[in-house]
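Data block below; observations after.
Computed from the coordinates by the stated procedures, all read-outs in this text should not be read as laboratory data. Note that the structure is predicted; figures quoted are calculated from it, not measured. For neighbour counting, all protein chains shown are included, and Cβ atoms are generated from backbone atoms with ideal geometry for every residue, glycine included.
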Amino acid sequence: MVERLSAAICGVGILLLCFSVAMAQSEIRGIQSAYDTIVGAASMYNPFRPGYREGGVETASGERYNPSAWAAAIQTNLREKFGGIHRGNRTSYALVEGINKKVIVKINDVGPLKPGRIIDFAEQTMRYFDPTLRLGLIHNIKVTPLSGDGWSLGPIAER
């Protein structure tokens, strides 16, 4: 009797988990069509690495730059589309797609300082798209603003 009950509880847990993942994926698909997606080039910045002269160690939101964060800086003229990104504002999020990969990042800074780029990734995010960090630029990156809070940062698993 206890074994059957345990198996039933385990089965319900697995069903709930599968349902949650399916809902999250359909939610992401719905979000893509609900907001304007921006397409352009992405690069990386890390003020702690020699040779990088973009930005400083403090982001526009007031957070300290963290190379291990799933974070990015959006182009300055797109600031309002991503919730303002001023000191003390709540964090905004974005779905970033490219090279057959998807990731949710926190937009906590503005930039990039170089023309033609729409987004600068923190080192962790860039390593997801370019593990060797040798590409320098990633073209045809799609960036979609996400509304609300509570997004799980990091890669989105594909089925």
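A few comments on the model shown:
- Summed over all non-identical Cα pairs, the Kirkwood treatment of the stretch 36-155 gives a radius of 13.9 Å.
- Near residue 96: Cβ cut-off under 9 Å, other residues only, Lys/Arg at +1 and Asp/Glu at -1. The net charge is +2.
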